[in-house]
Amino acid sequence: MSQSTPPSGPPVDKNPYADQPTDQPPVPQPGVPQQTVPQGAPQPGFPVAPVAPATPARNNFALGAVAAVGAGVVSAVLYGLVIGLTKHEIGYAAVGVGFLVGIAAGRLGGRNQTLPVVSVIVSVAAIYLGQLIGEAMIGAKETGLGFSTIFFDHFDVVQQAWKDNADPLTFAFFAIAAYVAFQGTRKAGL
């Protein structure tokens with residue numbers, strides 16, 4: 001058996017930072033050149049991750065308008081249920097109607113310039129339809145008739161009840177929903 005002998009030659013350089021804890025930044029050593037890397041630049045020894053391409057901005061008016069109408073119908077029914085169950089108009093529900101219509105139009109339609117206007121029209125129509133649904137629910141409870149009978153067969157009575165109960169707060173809810181829908185569409189379409 002032969003014993004191996006350590007190789008002879010120049011001494012191996014030791015890392016001057018090897019004895020330091022890894023959770024602290026290295027302490028500069030005299031005689032060792034310091035490397036400065038600008039902030040945000042790739043660090044030496046680390047691979048550079050590829051930058052994802054920017055997603056193209058959609059500009060689909062038809063899809064945004066259909067999404068706004070769909071969200072408007074759903075939110076109108078929900079708003080009408082809230083009014084019918086509580087017998088009160090609730091401002092936060094009007095904000096919710098405008099928000100749902102605006103977000104749906106903006107997310108699916110993109111940065112189309114006419115979508116905020118479409119979302120305003122749809123949200124005002126949704127608030128009106130929701131208020132009519134609420135009036136019909138209240139009328140159905142008071143008369144003992146079914147909701148569909150009141151809403152479809154006696155729609156003129158429902159509209160007259162809405163006109164009789166309309167006050168400045170009713171129209172304030174229209175304005176709130178329109179504003180929220182406009183801003184929601186603009187911000188969601190970014």
Filter segment 120-134 down to residues that are small (Gly, Ala, Ser) and surrounded by fewer than 20 Cβ atoms within 10 Å (Cβ to Cβ), then give me how many there are.
-> 1
Tally time: how many residues in segment 66-80 are open to solvent by less than 40 Å² (accessible area, probe 1.4 Å), of a type outside the set (Ser, Thr, Tyr) and more than 17 Å from the chain's Cα centre (by Cα)?
-> 2
In segment 142-157, the residues that are assigned to a loop (DSSP other than H, G, I, E, B) and within 19 Å of Tyr128 (Cβ to Cβ) | His154
Pair list, Cβ < 9 Å and 6+ apart or interchain, from segment 72-92 residues that are closer than 18 Å to Lys141 by Cβ and of a type in the set (Asp, Glu) to residues that are open to solvent by 60 Å² or more (accessible area, probe 1.4 Å) and modelled with pLDDT under 95 = Glu89/Leu169
Over segment 89-119, the set of residues surrounded by fewer than 17 Cβ atoms within 10 Å (Cβ to Cβ), among the hydroxyl-bearing types (Ser, Thr, Tyr) and assigned to a helix (DSSP H, G or I) is Tyr92
Do we have Tyr128 as touching a residue at least 12 places away in the same chain (Cβ under 8 Å) and at negative phi here?
-> yes
The residue from Phe174, Phe152 that alone is surrounded by fewer than 16 Cβ atoms within 10 Å (Cβ to Cβ) and either among the aromatic types (Phe, Trp, Tyr) or more than 36 Å from the chain's Cα centre (by Cα) (or both) is Phe152
Enumeration of residues in segment 127-180 that are in contact with a Ser or Thr (Cβ under 8 Å, 6 or more places away or on another chain) and under 26 Å from Gly98 (Cα atoms) | Gly130, Gln131, Ala177, Ala178, Val180
Checked pairs for segment 137-156, first in contact (Cβ under 8 Å) with a residue 12 or more places away in the chain, second open to solvent by 80 Å² or more (accessible area, probe 1.4 Å) and not hydroxyl-bearing (Ser, Thr, Tyr), C-beta under 7 Å and 6 or more apart or across chains, list as Ile138/Lys87
Checking Leu81 against (1) outside any helix (DSSP H, G or I); (2) over 25 Å from Leu63 (Cα atoms), which test does it fail?
-> (1)
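The values are calculated or read from the model by the stated rules, or taken from the named source; none is laboratory data. Note that the structure is predicted; figures quoted are calculated from it, not measured. Every residue, glycine among them, receives a Cβ derived from its backbone with ideal geometry; neighbour counts consider all protein chains shown. Keep in mind that these areas ignore ligands, DNA and RNA; they rest on the heavy atoms of the full protein, side chains included. Shrake-Rupley method; radii C 1.70, N 1.55, O 1.52, S 1.80 Å.
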